[in-house]
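Okay, structure first, notes after.
Nothing in this text is a laboratory measurement; each read-out follows from the coordinates by a stated rule. Being a predicted model, the structure only gives us computed values, none of them experimental. Note: ideal-geometry Cβ built from the backbone for every residue, glycine included; neighbour counts use all protein chains shown.
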Amino acid sequence: GAGVSQSPSNKVTEKGKDVELRCDPISGHTALYWYRQSLGQGLEFLIYFQGNSAPDKSGLPSDRFSAERTGGSVSTLTIQRTQQEDSAVYLCASSFSPSSYEQYFGPGTRLTVT
Amino acid sequence: KQEVTQIPAALSVPEGENLVLNCSFTDSAIYNLQWFRQDPGKGLTSLLLIQSSQREQTSGRLNASLDKSSGRSTLYIAASQPGDSATYLCAVRKETSGSRLTFGEGTQLTVNP
């Protein structure tokens, strides 16, 4: 069956531009998570959705970062006025429910800010 | 704040060797611990998940143990193969802070033919 998909797989943008990253979770999974993996910082939690609401957005590094989820399915992570330190791999994961044991990860979007 | 540490950061072994990867966490109030594998340029693949009430989990050549009270987990790989070469990450889910995972920095494993 289909796993978690993310698009684009790679994105190169100029400093100061806005970017949108997309995540399609596994069908039927109600919980969706965004993480960021960067050199020197490891893998960090950004935000978690249950349905269309975000009970935990404490990992978002600044107000330039926002995310939404619609229809309990697709999620979009938006970074405004990108900075070079935003360069990282952005990973999305989903699970059947918040209390489900396993999170299933997508392949990630590699963002490079020049 | 939960901190997860993995030792060693990198490991290179000859094919066929048995090996152990270590993971430690500072806050023993965890819900579960999960071991992942990450291949270069790819996402994470879940290998084993251990609930806080469990001591170990096995899948094929992999065995993961958990000692919650001492804040440690090990991933044992038997009869290593070149295809096992990857970065191995452990992650803990805390009981009281929702569903987020806190990850270690990973161990980069190379199995030489």
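Assorted remarks:
- Filtered by the rule that a residue be within 11 Å of another protein chain (Cβ to nearest Cβ) and part of a loop (DSSP other than H, G, I, E, B), region B:12-39 gives a lone residue, B:ASP39.
- So A:ILE26, is it within 14 Å of chain B (Cβ to nearest Cβ) and over 25 Å from B:LYS1 (Cβ atoms): yes
- Residues that are part of a strand (DSSP E or B) and farther than 24 Å from A:SER97 by Cβ within region B:74-107 comprise B:THR74, B:LEU75, B:TYR76, B:ILE77, B:ALA86, B:THR87, B:TYR88, B:THR107, listed in sequence order.
- Failed condition for A:SER75, given (1) under 11 Å from the mean Cα position of the chain (by Cα); (2) hydroxyl-bearing (Ser, Thr, Tyr); (3) more than 28 Å from B:THR87 (Cβ to Cβ): (3)
- Of the strands (runs of 3 or more DSSP E) entirely within region A:66-114, those holding at least 3 residues that are within 14 Å of another protein chain (Cβ to nearest Cβ) occupy A:88-95, A:109-113.
- A:PHE96, sole failed condition from (1) within 17 Å of A:LEU21 (Cβ to Cβ); (2) in contact (Cβ under 8 Å) with a residue 40 or more places away in the chain; (3) surrounded by fewer than 21 Cβ atoms within 10 Å (Cβ to Cβ); (4) not basic (Lys, Arg): (1)
- Single residue of region A:1-28 satisfying the filter (of a type in the set (Gly, Ala, Ser) and outside any loop (DSSP other than H, G, I, E, B)) that is nearest to A:SER87 (Cα to Cα): A:SER7
- Top-ranked residue of region B:55-113 - restricted to ones that are among the acidic types (Asp, Glu) and touching a residue at least 60 places away in the same chain (Cβ under 8 Å), ranked as farthest from the other protein chains (Cβ to nearest Cβ): B:GLU95
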